[in-house]
Every structure is written in C-alpha cells, then in structure tokens.
C-alpha cells in the first residue's frame, strides 16, 4: 500500500488540540504516563507455560497479535506427534488451548494466508509422511480439512507467494521431486515446475522481486550435496542460484537490504559459519562466523526490528547438550556478538518476532527426551528508555497488521518507512510524518475496499445500537439524548476483516464474504427468507438510514432487480453500501471506531468514542490528525509494544 504521486492524504491542518480537548483526553484514558525506564541490556524472561510440552512444532503470528502453536512431538514420548494447538497472548503472557488439529503431525509447515487463516501442510504422523492439509480459522478457533496434495507424498517446504498462493515442494509417491501451488480462493492444488532438490522446512524465502530462493540443507558429511535455486512464479520454472560453501544450512533469513543470510556448517566438526546471497548479482560470499558450535538444524534465526539477526539454541553433539549461548548478527558490520543466554537451553523450538519487537521462543527439546513446556521472551532493547514502536520500520509493519491484516509488501513497507526516516533526526518532522503515515492506512484505497467494506456491511444490515444515555438520563439524572454507534464488536470485526484481504483475490473474496454474510442466522432473523423483495429492500434501506425521496429510485431499482432474479440479496447489500450518501455519512464514525479497533484492539469506551466523533463532526470538523495523534501518543497504545511511554498527548499541541 503506497502512493508515490501524493503525500499521505490525511488532511494536513495544524494540530489545534486545545487545553479543554487535552483534559478530555485525560479523562478518556488517553493521557500520557510519566516516568523513565531503567537502562539495561538485552535479556530473557520466562513467559507462561505451554499447556502441552512439544518440539518440532510450528508457531505462527496471527493478525490479532497472538501466536498459534500447533502440533509437534510430545508430551507422551519423544516420538509421538501431537494434535493439540494453543495460543499465546503477548498482552498478558499466557497460553490458552484452541481447537485441535484433525491429524496429529510433526515437521509440518504452517503458512499465514492473506485471508488470515493458517494453512498447515504435510509433516509426519507416528508411522509415515502425510499428504493432508488443514486450515485454522482464528475467528472460530477451529481447524478443518482442505484439499490434500495432488502428488506430493511428503513435503519439505511451503512459501506464501505475492499472489496469495502457496508454493509447496516435496517428494511424490513415485519418489520424484514435485512442486505444487495451493490456491486459497478455490482450495485446489496445481502442479508447477520442480527444483532439482527438496528444500527442508524453513529453507525457502520469498525475495523482494517475488521469486523464491530455495537452499539445499545438504549433509555435514557429504560435501558434494549443495546448491540453491530460484523459482519464478511468472513462468513456473526454476533456475540455479549458485553454490554456497556451506554444506549444512539450517537457517535462511531475508535481510532488509535484500540479501539472504544463511548459517550452517562446512563440515561435521567445524564451527558454525555464515554466508550472504546477493539477490542483485546472484552470488554468494562469506561473512562473519558464529562463535558457538550448533550441530544439525534445531536452532532458529530471527530478523529483529533493528535489522540484526538473533540465533537461538540448537544442539552440540560433541557435548551432547542443548545450546543456550545466543548470538546477534549485525548486517552493517558482518560481525556476530554474544548476547544474554536462554534460561533453558533448547533445540527444535520455535522463535517468533512479536509486534513489540520481542522474540517469543517456545518449547523445544532439552537433554535425553526432556521436552520443554516453558517459553521465553527475548527483549533486544539495549536502552530500555526506548519503546520498540518508535522504530519507523516496526511502526509501519504494525500498521499493515493492524489495519490491512496482512504482512507488508516490500515496496510498500520501504516506501512508508522512508516517509518517516527521511526526516533524519528532526523530531518534529518525525512526529508529523508518523501521523500522516498512520492516517494513510485508513484513507488509502486498500482499507477502504476491505476494512471499511466490512464496517459498512454491518452498519447497513444491522443498523446502530444505543450505547449511551439509553434511558434518556445520564448517571447524575440529567436529561440527555440517547447516542448510538454501528452494531459491530471488535471481536466480530477481526473475524470478518480476515476474510476480506487486499490483493488479486479481493473481488472474489468480497463477493464470497457477502454471500456468507446473508446466510448468517442473525441476518436471516432480521431479514427472514420468506420476505418479499419489496419488504427486504425497504427494511434494508430503512436500517441503513437511507430514507427520503432522494433514495426512492435506488430502492425501486433494487426491488426490481431482486424480483426479476438479476441480483441476489448479497448483491443488493453490496450495491447499497456503495451508495455515495451512505459512504460519506459513515466515514467519520468508521474512522473513530477504527482508532479503537486498530490502535487499541478493543471495543471503544462510550465517552471516548462520542467525544472524538463530536470533534470530527462539530468541534473541529475533519481534524483527523488531532485524533490520530492522541491515539498514537496514548499510553495504552505504546504499552502494547513495550514497558516505556516515550510520547505524550502534549506533543499534539505543537
């Protein structure tokens, strides 16, 4: 999401947040919190216990900020796969059980799709490789089966392409290397070109140009078994990507420079090495060596918000001990440095970068089949007076998750980040640009065609709910007028928003969502199937507040279309929410509600919602920047990402 032709299109008025407005913000819980944190070093802390000890599982960061952990081995023995799944909440540091996989599996892949669901592929059960696939719906917490591979009997890797499809590579029942593409829109698999080898879990990476780099894991004892290849989605063909020196490469990490960092071994008894792949030249070169010996593929590499790479855990077969000596790679210098140690050494765990900039390490294997249920958080902030969300790159990244419900595309991520970093050290410029960039994520077309569509569907179909002064008197007994807002809760919006995601499949996903929407029990209760076309349309228009003679012709056209069968209920509803008067009228109300849904991830408090709506509609018409500033500088927003509050609502007065 980016627009090179124009600056962010949030109205560029001065921030005239007067003293009375600031006092109101304080009353609404949006005021700054004072205090300065302690200066310290990066550290590990324990964070809850998994309900099921496990290793060789998957961990997936969901659009709602939680982490889904699924499958793996444990807890019965060191060879029994699990079908359980659970969720980690970064807000309170707790684990909760969610729906179980239909099939127990380990060494599988888990891919977050653009529609917010998680696709789990293949792996192994207790006896044999699996060709089955499942989908997890974060809204319902349930798994369901989807189409199995056509030819792949055991898979090695899965990569989400920029098209929204998933590239899977594995071995067929005929023992030949096979590649297939999964289309989430149709839930079907089609064959595509196959590489000359099968990349293992985590050994493929999507490059900025949309191609996929696959690195052969090889063997620490067979030095002839190496290589790398590139997959071109446009042609469905693979080509060579040169030959790295590393023969055993357990981690493959895309750096923000566009280069790819791999780590591994040159031989069975050599220290762990590292190499860089230049995507522009297609060549490999050595970079600094790690200081810790890590055998096989049980350690992880995570790209941090500060562009460094954190390597965690693994196993040292020379000492027969799990590794708890962690290291950081600095791309600017090519040097690895030691950082604080894990509390519990572990191998075959997962490591997930959280929106806060911290890294969640979960599960893993200790000594002699000691399967970990513990989880730890790595906090890379060296100066703890900072807050991770102050980092421009993380700030933009989080907006993609909070407002567009997807991972950022590289071009858009770079563009919006540059809008802030181009300010250099000019703090006032940074402040203004952050507001402009943030507002653009609501204003720009992608959100207008996704999140705003979901909002308008609910508003049109279910109207408003009275949330303030429902009795006609306030808490002190004074007369007041009842106030209402769109009848949609944050939890429902998150669930529905995940089904309407920008990209090539957006038109079809919008239609599919509308078709499902009109089949919901609550919709059928409000609009029984036995209603006449006229009754259905009239009730829908009345609920949407589209009354009066100005809309009479539109009503009649909708009635006629429904009666003659040229349009369905879903199509009538989609047409209605595109009526310009309706879209314009709801714009401010939606903008305010999305401040709570996006920044604070909760339902609004009544006083706060109506205060900001009154600001936009009456007090300071269209002063979106003042509202955005108040939310971005609120302690509640900042504390989502770190323990320090570095910005204040007072910043909005300048």
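At-a-glance table
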{"read-out": "Difference of contour (0.36 nm per residue) and Cα-Cα distance, residue 427 to residue 150", "value": "94.2 nm"}
{"read-out": "Pairwise centroid distance, computed over Cα atoms, of region 422-456 with region 603-626, Å", "value": "18 Å"}
{"read-out": "Coarse-grained scattering of region 88-146 at q = 0.22 Å⁻¹, given as base-10 log I(q)/I(0) from a Debye sum over alpha-carbon atoms", "value": "-0.92"}
{"read-out": "Rounded tilt (10° steps) of 410-421 against the dominant C-alpha axis of the chain", "value": "70 degrees"}
{"read-out": "Modelled FRET efficiency - R0 45 Å, residue 89 with residue 557, Cβ distances, 0.05 increments", "value": "0.40"}
{"read-out": "Whole-angstrom gap from region 303-379 to region 42-99, using each part's C-alpha centre", "value": "16 Å"}
{"read-out": "Two-decimal Rg to Rh for region 401-441 - Kirkwood Rh, Cα set", "value": "1.00"}
{"read-out": "Between helix 533-543 and the chain: long-axis angle, C-alpha atoms, 0 to 90°, nearest 10", "value": "90 degrees"}
{"read-out": "Values of log10 I(q)/I(0), in the order q = 0.13, 0.19, 0.24 Å⁻¹, for region 553-645 under a Debye, Cα-only, solvent-free model", "value": "-0.61, -0.88, -1.14"}
{"read-out": "Rh by Kirkwood over Cα pairs, then Stokes-Einstein D for region 44-148 at 1.567 mPa s and 4 °C, µm²/s", "value": "94 µm²/s"}
{"read-out": "Structure-derived Rg and Dmax of the Cα atoms in Å: which label, when the choices are (i) 24.7, 76; (ii) 55.9, 172; (iii) 26.3, 84", "value": "(iii)"}
{"read-out": "Distance in nm between pseudo-label sites at residue 43 and residue 481 (7 Å out along the Cβ direction from Cα)", "value": "5.4 nm"}
{"read-out": "Extension reserve of the residue 564-residue 237 stretch, reckoned as 0.36 nm per residue once the Cα distance is removed", "value": "112.9 nm"}
{"read-out": "Per-residue [θ]222 nm for the chain (sum of -39500 (n - 2.57) over DSSP H runs n ≥ 4, rounded to 500)", "value": "-7000 deg cm²/dmol"}
{"read-out": "Share of alpha-carbon pairs per 10 Å distance bin for region 298-450, given as whole %", "value": "10, 32, 29, 18, 9, 2"}
{"read-out": "Cα Rg, Dmax, region 104-217, angstrom units", "value": "13.2, 40"}
{"read-out": "Residue order, fewest to most beta carbons within 10 Å, for 77, 438", "value": "77, 438"}
{"read-out": "Residues 531, 594, 627, sorted so that the one with the fewest Cβ neighbours within 10 Å comes first", "value": "531, 594, 627"}
{"read-out": "Estimated FRET transfer efficiency (residue 97, residue 639; beta-carbon r; R0 35 Å; 0.05)", "value": "0.85"}
{"read-out": "Which of 246, 488 has the fewest Cβ neighbours within 10 Å, and the rest in rising order", "value": "488, 246"}
{"read-out": "Residue 77-residue 196 FRET efficiency (beta carbon distance; Förster radius 56 Å; 0.05 resolution)", "value": "0.95"}
{"read-out": "Mean shadow area of region 457-590 over all directions, Cα convex hull, nm²", "value": "10.0 nm²"}
{"read-out": "Extended-chain gain in nm, criterion 0.36 nm per residue less alpha-carbon gap, residue 614 and residue 337", "value": "94.4 nm"}
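Computed from the coordinates by the stated procedures, all read-outs in this text should not be read as laboratory data. Because the structure is predicted, anything quoted here is derived from the model rather than measured. Here the Cβ is made from the backbone with ideal geometry for all residues, glycine too, and neighbour counts use every protein chain on show.
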